[in-house]
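Enquirer: The structure is given below, and queries will be raised subsequently.
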Amino acid sequence: MLEDKIIEVKKLKKICEDKTILDIDQFSILKNKFNFIIGGNGSGKTSLLNILSLVDQNYQGELYYEGHKIKKDQQNLDLRRKFSVIWQDPYLYRGNVFYNIALPLKLRDFEQEVINKKVKEIAAKLEITELLEQSAYTLSGGEKQKTSIARALITSPEILFVDEATTNLDEESIQFFNSHFSNLVTDEMTVVMVSHDRRQIKQLADRITLLKGGSIDTVKTVNNFNFELFGAGIDTPLAELV
Amino acid sequence: MDYYTGAILRALQLIFTLDSELIQVVTTSLKISISSTFIASIISIPLAILIARNKFKTKKFINIILNTMLSLPTVVVGIFVYSLISRRGVLGEFDLLFTPLGIIIGQVILIIPLITALVRNVIFSMDEKLYKTATSMGASRSQKFKLLILEARYGIIGAVIAGFGRVLGEIGVSMMLGGNIKGVTRTITTAMSLETNKGRFAFALSLGIILLSLSFLINFVTYFLQEGKNYARR
């Protein structure tokens with residue numbers, strides 16, 4: 001149904017140096033759901049996420065947000081400010097953790113008092129309050145990712161894009177992410193998640209889209225996803241489980 | 001040997017007693033060098049970002065020209081600007097020859113390639129994720145530019161300081177376009193040349209010590225900004 005779709009993609013093509021990275025006829029993101037995008041290396045997952053999050057506006061085809069066509073030649077600032085992205089390998093700016101978490105609010109001209117309050121709240125949720133004054137360059141991988149999650153969530157985005165957020169993390173950090181993530185995301189939030197982690201898919205997914213060679217291979221809802229296949233062994237390719 | 005020892009002692013005496021003539025030469029030199037570095041930086045920094053961040057057909061050619069101009073001899077710049085601002089030149093009516101402004105024009109042309117190339121390298125080496133993250137955080141074009149400058153600030157300051165060092169120590173442009181007029185266009189380097197020829201070795205030596213100290217300070221600051229504690233923490 002149209003009202004369920006927050007983002008729609010039509011005849012999307014992404015070509016890089018004469019190579020077709022993405023070729024998708026039709027694809028949509030369901031509102032207020034956990035939308036998972038899975039696929040092997042080079043299947044175009046991150047390229048698709050970059051386009052959906054408006055980080056990359058250099059593509060062919062059409063993108064719709066709640067039925068309205070997104071114009072590629074514009075900054076789309078208002079729309080971009082409804083989105084947030086958690087990257088696989090987060091980039092933190094020079095300065096301390098507080099500065100990094102506060103940045104999206106500063107860019108939106110929030111008052112310092114509001115910024116202070118919101119940063120403290122989100123830092124407490126992610127258990128990084130004691131790191132707020134620490135330089136971002138001294139953080140461990142897990143602490144960096146927690147900071148970037150806090151930075152992405154501080155604006156309470158309408159759509160949260162997550163690009164393999166746990167791939168480079170240690171087991172402890174992955175467990176923290178998996179156990180806390182669903183609590184950090186509100187019911188009003190739409191999540192688009194690129195992930196290889198079967199536990200995350202099992203725990204969170206509402207809909208799973210499998211990409212193969214830049215095209216959509218399969219789309220399944222959580223109801224017809226065979227969870228028993230998770231017991232098939234860790235080496236079984238994820239694509240075979242869908 | 002006594003002559004040189006005496007000259008060194010006299011030079012140090014001139015420095016520590018803040019000799020008025022010495023101070024005048026140094027302040028003239030600093031005023032001109034700071035002005036030309038400031039103007040060149042305003043032109044070079046946006047130009048460097050434009051070159052580093054954009055794809056265009058002539059980019060390779062521009063980069064080659066830019067790299068070639070890094071070793072531009074000061075006298076070549078001097079002759080070029082001289083032909084523009086001398087009486088018969090296209091800018092002759094403005095009477096810029098043998099004025100501080102004349103030297104500044106020459107020095108700006110001299111260091112634009114240097115600052116542009118250094119800043120270009122700094123921007124080019126910045127992590128691509130910086131731009132993606134800024135876009136994903138909801139930054140406007142001007143905010144992205146500001147974030148980029150803030151992230152690259154130490155490298156940019158290093159490039160500007162390198163440009164300042166180059167103009168402070170150059171003699172070709174200052175001599176040809178300034179004319180070495182006392183109290184007006186007499187800079188550290190032109191004064192050193194003149195005073196040595198006149199036999200005022202101690203005075204020239206005192207200027208040399210000051211120039212060397214300034215160069216050391218410039219290099220120390222540049223090293224600290226680019227390789228020092230803050231940089232190593234990245």
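Read-outs: derived from the displayed coordinates by stated rules, not from any lab. All figures in this text were calculated on a predicted structure; none of them were measured in a lab. Cβ coordinates were reconstructed from backbone atoms using ideal geometry, including for glycine residues, and neighbour counts include every protein chain displayed.
Enquirer: For chain B, with a Gaussian network of springs between Cα atoms less than 10 Å apart, report the residue from B:VAL77, B:VAL25, B:VAL221 with the top mean-square fluctuation.
Expert: Comparing B:VAL77, B:VAL25, B:VAL221 in the GNM, the peak value goes to B:VAL221.
Enquirer: While we're on this one: Note down the magnitude of the dipole of chain A about its Cα centre, charges +1 on Lys and Arg C-beta and -1 on Asp and Glu C-beta and zero elsewhere, to the nearest 20 debye.
Expert: Dipole about the Cα centre, nearest 20: 520 debye.
Enquirer: Here's something else I'd like to know. Specify which residue in the list A:GLY39, A:ASN178, A:LEU22 is farthest towards the positive end of the charge dipole of chain A, using unit charges on the beta carbon of Lys, Arg (+1) and Asp, Glu (-1), about the Cα centre.
Expert: Towards the positive end, the residue furthest out is A:LEU22.
Enquirer: Report, in listed order, any pair from A:LYS14/A:LYS71; A:LYS82/B:LYS132; A:LYS45/B:LYS132; A:LYS14/A:LYS212; A:LYS71/B:LYS55 with a Cα-Cα distance greater than 18 Å.
Expert: A:LYS71/B:LYS55
Enquirer: Please turn the phi angles of the range A:206-211 into ³J(HN,Hα) values with the Karplus equation 6.51 cos²θ - 1.76 cosθ + 1.60 (θ = phi - 60°), one per residue in order, whole Hz, x for glycine and proline.
Expert: Karplus-based 3J(HN,Hα) across the range A:206-211 equals 9, 9, 10, 10, 9, 9 Hz.
Enquirer: So what's the net charge close to B:LEU168: Lys and Arg +1, Asp and Glu -1, counting the other residues with Cβ under 15 Å from its Cβ?
Expert: Combined, the nearby Lys, Arg, Asp and Glu give +2.
Enquirer: What is the dipole size for the protein assembly as shown, taken about its Cα centre, with +1 at each Lys and Arg Cβ and -1 at each Asp and Glu Cβ, in debye to the nearest 20?
Expert: 1360 debye
Enquirer: Now, a different point. Give the shape of the range B:1-152 as rounded, prolate or oblate, defined through the alpha-carbon gyration tensor: a ≥ b ≥ c are the square roots of its eigenvalues, a/c under 1.5 means rounded, and otherwise the shape is prolate if a/b is larger than b/c and oblate if not.
Expert: Prolate, because a/c is 1.5 or more and a/b exceeds b/c.
Enquirer: Give the shape of the range A:64-196 as rounded, prolate or oblate, defined through the alpha-carbon gyration tensor: a ≥ b ≥ c are the square roots of its eigenvalues, a/c under 1.5 means rounded, and otherwise the shape is prolate if a/b is larger than b/c and oblate if not.
Expert: Note, shape of the range A:64-196 comes out oblate.
Enquirer: Follow-up question, since we're still on this one. Over all pairs of distinct alpha carbons, what does the Kirkwood formula give as the hydrodynamic radius of the range B:1-62, in Å?
Expert: 15.7 Å
Enquirer: Listed highest first by mean packing, meaning other Cβ atoms within 10 Å per residue, what order do B:84-93, B:33-42 come in?
Expert: Sorting B:84-93, B:33-42 by mean packing, highest first, produces B:33-42, B:84-93.
Enquirer: Could you size up the charge dipole of the range B:2-232 around its Cα centre, putting +1 on the beta carbon of Lys and Arg and -1 on that of Asp and Glu, and report it in debye to the nearest 20?
Expert: 960 debye
Enquirer: Can you order the peptides A:165-177, B:202-214, A:42-54 by their average number of other Cβ atoms within 10 Å per residue, highest first?
Expert: Top to bottom by mean Cβ count within 10 Å: A:42-54, B:202-214, A:165-177.
Enquirer: How fast does the range A:36-131 diffuse by Stokes-Einstein, in µm²/s, taking the Kirkwood radius from C-alpha pairs at 20 °C and 1.002 mPa s?
Expert: So the translational diffusion coefficient is about 134 µm²/s.
Enquirer: Please state, as a whole number in µm²/s, the translational diffusion coefficient that the Stokes-Einstein equation yields for the range B:36-107 at 4 °C and 1.567 mPa s, with Rh defined as the Kirkwood radius across alpha carbon pairs.
Expert: Translational diffusion coefficient: 92 µm²/s.
Enquirer: Do me a favour and compute the ellipsoid semi-axes for the range A:53-93 from its Cα gyration tensor, root of five times each eigenvalue, largest one first, whole Å.
Expert: Semi-axes (√(5λ), whole Å): 22, 12, 10.
Enquirer: What is the mean number of Cβ atoms from other protein chains located within 10 Å of the Cβ atom of each residue in peptide A:91-98, rounded to a whole number?
Expert: 4
Enquirer: How crowded by other chains is B:137-146, given as the mean number of beta carbons from other chains within 10 Å of each beta carbon?
Expert: Mean shielding by partner chains, rounded to a whole number: 6.
Enquirer: OK, next. Between B:SER142, B:SER71, B:SER44, whose Cα lies farthest towards the positive end of the dipole of chain B when Lys and Arg beta carbons carry +1 and Asp and Glu beta carbons carry -1, centred on the Cα centre?
Expert: B:SER142
Enquirer: Return the whole-Å distance between the Cα centroid of the range A:2-66 and the Cα centroid of the range B:89-108.
Expert: 57 Å
Enquirer: Still on this structure: Mind checking A:43-54 for the average number of partner chain beta-carbons within 10 Å of each residue's beta-carbon?
Expert: Partner Cβ neighbours, averaged per residue: 1.
Enquirer: Taking H as built 1.01 Å from N, whose amide H comes closer than 5 Å to the amide H of A:ILE21, not counting residues under 5 places away?
Expert: Under 5 Å from the amide H of A:ILE21 lie the amide H atoms of A:LYS14, A:ILE15, A:CYS16, each far enough along the sequence or on another chain.
Enquirer: Show which aspartates and glutamates lie in cross-link reach of A:LYS125 when reach means a straight Cα distance below 16 angstrom and same-chain residues fewer than eight apart are skipped.
Expert: A:GLU143
Enquirer: Projected onto the charge dipole of chain B (+1 at Lys/Arg Cβ, -1 at Asp/Glu Cβ, origin at the Cα centre), which of B:SER33, B:GLY179, B:LEU205 gives the Cα projection farthest towards the positive end?
Expert: Looking along the dipole axis, the top candidate is B:SER33.
Enquirer: Starting from the Cα gyration tensor of the protein assembly as shown, take the square roots of the eigenvalues, sort them a ≥ b ≥ c, and report rounded, prolate or oblate (rounded when a/c is under 1.5, otherwise prolate if a/b is larger than b/c, else oblate).
Expert: prolate
Enquirer: Right, here's the next one. List the equivalent ellipsoid semi-axes of the range A:80-124 in whole Å, largest first, each obtained as the square root of 5λ for an eigenvalue λ of the Cα gyration tensor.
Expert: 18, 14, 11
Enquirer: While we're on this one: Ordered by packing density, taken as the mean number of other Cβ atoms within 10 Å over each peptide's residues, highest first, how do A:145-151, A:78-84 rank?
Expert: The packing order, highest mean first, is A:145-151, A:78-84.
Enquirer: FRET efficiency for A:ASP170 and A:ASP217, Cβ-Cβ distance as r, R0 = 25 Å, nearest 0.05?
Expert: Efficiency, rounded to the nearest 0.05: 0.20.
Enquirer: Based on the alpha carbon coordinates of chain A, what radius of gyration and maximum Cα-Cα distance (Dmax) apply, in Å?
Expert: 18.0, 52
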